[in-house]
């Protein structure tokens, strides 16, 4: 009983949400499947998990996984662009160096 009291303390906010009959059936299916797997949960537990996953996937909320992923993807793209620019610059410098070497060889030989 003590564990239950502790859990209720964690969830002090209440929200009432209407669902369709199909959504309710699917939630019941999830509960049955988890019970068969030995994971007894309440409907509220499943709904909290669903809300948590939904929030984590939102990329417009700072600190969520999706927002962090989007930010990292942007940084990786910037690094890739910079790396491509540096590679092009290195190729140009390498070409110039080869031209200089060829020029000085001709001068030395000629």
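Throughout, read-outs are computed from the coordinates displayed, never taken from laboratory work. Only a predicted model underlies this, so the values are computations on that prediction, with no experimental measurement involved. For neighbour counting, all protein chains shown are included, and Cβ atoms are generated from backbone atoms with ideal geometry for every residue, glycine included.
Here are some notes:
- In this rough spin-label picture, where each label sits 7 Å from Cα along the Cβ direction, the residue 61-residue 84 distance is 3.4 nm.
- Summary of packing: across the peptides 51-63, 11-23, the per-residue average of other C-beta atoms within 10 Å ranks them, highest first, as 51-63, 11-23.
- Given R0 = 22 Å, the distance between the Cβ atoms of residue 95 and residue 69 translates into a calculated FRET efficiency of 0.05.
- Ratio Rg/Rh [Cα only; Rh per Kirkwood] for the range 1-56: 0.99
- Cα→Cβ-extended label distance, 7 Å offset, between residue 44 and residue 15, nm: 1.5 nm
- One entry in (1) 11, 19, 20, 12, 9, 9, 8, 6, 5, 1; (2) 13, 38, 30, 14, 4, 0; (3) 13, 20, 14, 12, 10, 8, 7, 6, 5, 3, 1, 0 is P(r) over Cα pairs in 10 Å bins from 0, in percent calculated from the shown coordinates; its label is (1).
- The range 72-110-the range 51-70 distance, computed between alpha-carbon centres (Å): 41 Å
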